[in-house]
Amino acid sequence: MNDMPRSISTTTPRALLQRLGPLLSLALLLAVLAALSADFRTLSNLLTVLRQVSINALIAFGMSFVILTGGIDLSVGAILALTGAVTAHLLGAGHGMAAALGAGLGLGLLLGLVNGALVAWGRVAPFIATLGSMTLLRGVTLAYTQGQPIVVGRSDFALIGDGYIGHLLPNPVLWMALAFAVCGFLLRGTVFGRHVFAVGGNEEAARIAGVRVGWIKLGAYGLSGLLAALAGIVLTSRLHSAQPTAGTGYELDAIAAVVLGGTSLSGGRGWLLGTLVGALLIGFLNNGLNLLGVSSFYQQVVKGAVILIAVLLDRRR
């Protein structure tokens, strides 16, 4: 197993530059935006960006595992919406906090495992399997909510996504930090993480080496679903309501964060810190363009161009 790819190599100057590329890009973006906008440099603005980035980062951490196995998960936005709606509905019906949160997280895990089973043992291409799941779950969410928001009026639930630590740091940033620490440990400190890299690097070689490929894929998709559900709960708490169309387009932002962070779309090579940097790049880019008064139409153009450049760079590695 030692000859299987585990993470981005830093043994050559080119490889080191590839690894530091996302960090250098983020530093350059921050310097440019800070020079162009005085509002960007304020502490309150930076904390606002971090709070907004947290949701995307949670989803992107799970997406990293899936992409590292060579797959993709288009259903994370739909899982976010459905699990948020279920959690809000249970809280509104008078159920306890632990039961509602457990149901939301458990549902997200289950939906992720179903995706993983479709890919691993159903032999369905990841793109098709999760595209079907996304469409199905969007329909289920609209039917479940009757197309109406579900308002949650509990102050204890609001603390999850709308509270602050020390009246300064938004709680979603804490969830992002905890998820980053746990996922980082899973990826770098466990056999499961090493096998995730092995499966994405060369699935057949991994199978011959004794890796249980199907179970590794199942775990990666399950983790992706679980983190999408956590993002859904945090977002529902922050908005004080579950929106039936929540999470639309979040799957693309998560994939973009992973790719911008240097993880290969073909799997087997990447790092979680890069994903966090990629999410920050997207968040600060959106924030900076808003502060500079750039039209939302052109914002889409800029974001799309950045993603295309990142994909092209990935193809040249």
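The values are calculated or read from the model by the stated rules, or taken from the named source; none is laboratory data. Owing to the predicted nature of the structure, the values given are computational and were not obtained by experimental measurement. Cβ placement follows ideal geometry from the backbone for every residue including glycine, while neighbour counts extend to all protein chains displayed. Note: accessible area is taken over every heavy atom of the protein model, side chains too, but ligands, DNA and RNA are not part of it. Shrake-Rupley method; radii C 1.70, N 1.55, O 1.52, S 1.80 Å.
Highest-first packing order for the peptide set 108-116, 218-226, 281-289 is 218-226, 108-116, 281-289, based on the mean count of other beta carbon atoms within 10 Å.
Largest GNM mean-square fluctuation among ILE233, ILE128, ILE255, using the chain with Cα springs under 10 Å: ILE128. Heavy atoms of the protein chains alone define the surface here; on that basis the chain has 45 Å² accessible area per residue at 1.4 Å probe size.
Summing charges over all other residues whose Cβ lies under 15 Å from the Cβ of LEU174, with Lys and Arg as +1 and Asp and Glu as -1, gives +1.
Considering all different alpha carbon pairs of region 53-163, the Kirkwood hydrodynamic radius works out to 15.0 Å. For the chain, a crude dipole built from +1 on the beta carbon of Lys and Arg and -1 on the beta carbon of Asp and Glu, taken about the Cα centre, is about 620 debye to the nearest 20. Whole Å is fine, so just give me how far the alpha carbon centre of region 182-251 lies from that of region 66-92. So the separation of the two Cα centres works out to 11 Å.
Close amide H pairs (under 5 Å, H built 1.01 Å from N) link TYR164 with ASN171, residues at least 5 positions away or on another chain. Using the Cα coordinates of the chain, the gyration tensor eigenvalues translate into equivalent-ellipsoid semi-axes of 29, 27, 17 Å, sorted from longest to shortest.
Neighbours of ARG212, meaning other residues whose beta-carbon lies under 15 angstrom from its beta-carbon, give a summed charge of +1 when Lys and Arg score +1 and Asp and Glu score -1.
Rounded, prolate or oblate: which fits region 146-187, taking a ≥ b ≥ c as square roots of the Cα gyration tensor eigenvalues, rounded meaning a/c under 1.5, else prolate when a/b beats b/c? Oblate, since a/c reaches 1.5 and b/c is not below a/b. Peptides 306-313, 171-178, 82-89, ordered by how many other C-beta atoms sit within 10 Å of their residues on average, highest first, read 82-89, 171-178, 306-313.
Counted residue by residue at 0.36 nm each, then reduced by the alpha carbon distance between them, the extension gain from ALA34 to THR135 reaches 32.3 nm.
Ranked from largest, the principal axis spans of the Cα set of region 136-279 equal 54, 40, 24 Å.
Across SER64, SER296, the residue with the most accessible area heads the list, and the full order at a 1.4 Å probe is SER296, SER64.
If the segment from MET97 to VAL213 were pulled out straight at 0.36 nm per residue, it would be longer than the present Cα-Cα gap by 38.1 nm. Highest mean packing comes first when the peptides 135-143, 260-268 are listed by Cβ atoms within 10 Å, giving 260-268, 135-143.
For the set PHE297, PHE180, the ranking by accessible area, highest first and with no ligand, DNA or RNA atoms included, is PHE297, PHE180 under a 1.4 Å probe. Which is farthest toward the positive dipole end of the chain among GLY96, SER44, LEU276, measuring Cα position about the Cα centre, with Cβ charges +1 (Lys, Arg) and -1 (Asp, Glu)? Of the options given, the answer is LEU276. Kirkwood hydrodynamic radius of region 93-219, from the reciprocal of the average inverse Cα-Cα distance over all distinct pairs: 17.9 Å.
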